[in-house]
Amino acid sequence: MKALDIHIVHTSTEKDHVFAIRRAVFVTEQNVPEDLEFDGLDDDAIHFILYYNTTQIRCARLRIYEDTAKLERIAMLKEQRGNGYGTRLTKYLIEYCKKKNLHGVYLHSQTYVSDFYKKLGFKPKGNIFYEAGLEHIAMERTI
């Protein structure tokens, strides 16, 4: 495995890695109830994982609706934040959607990271709302 590797999850081991990241970030760090984090939609989604060397550090889930995709469950282990890997993964997801001939991408961003998504071309849509007890804003961008 090269130093930085982003790809679609294909194995049960990789899916376990994705779930471990989500559990660490959302359930443990942000106190999201486990039944909300693991919402029964994982089998209908495409999962992505980012490894640095052989360590899993970031993940995302993507669900496709007609000609748009929703990016979900984007998480990075706390000790790996601030190194640009979030930008690399998000750009990878957008490129994946382009290759699938989708026309738009949207997500529900926690408000404290919405500026990160703005830098990647996402625009806020609507009002602030709460999901799992955390403040969010819907954001979208065309491809």
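The values are calculated or read from the model by the stated rules, or taken from the named source; none is laboratory data. Just so you know, these numbers come straight off a predicted model, no measurement behind them. When we count neighbours, we look across all protein chains shown, and the Cβ atoms used for this are built from the backbone with ideal geometry, even at glycine.
Numbers at a glance
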| item | result |
| --- | --- |
| Total residues in the range 9-24, condition closer than 19 Å to Arg63 by Cβ and surrounded by 11 or more Cβ atoms within 10 Å (Cβ to Cβ) | 7 |
| Counted residues, the range 110-143 - those being exposed (fewer than 14 other Cβ atoms within 10 Å of the Cβ) and in a loop (DSSP other than H, G, I, E, B) | 2 |
| The range 63-107, residues that are more than 14 Å from the chain's Cα centre (by Cα), closer than 23 Å to Asp39 by Cβ and of a type in the set (Asp, Glu) | Glu66 |
| Residues that are closer than 17 Å to Ile64 by Cβ and at pLDDT below 95, drawn from the range 104-141 | none |
| Residue match in the range 52-67 (condition: of a type in the set (S, T, N, Q) and in contact with a Cys (Cβ under 9 Å, 6 or more places away or on another chain)) | no |
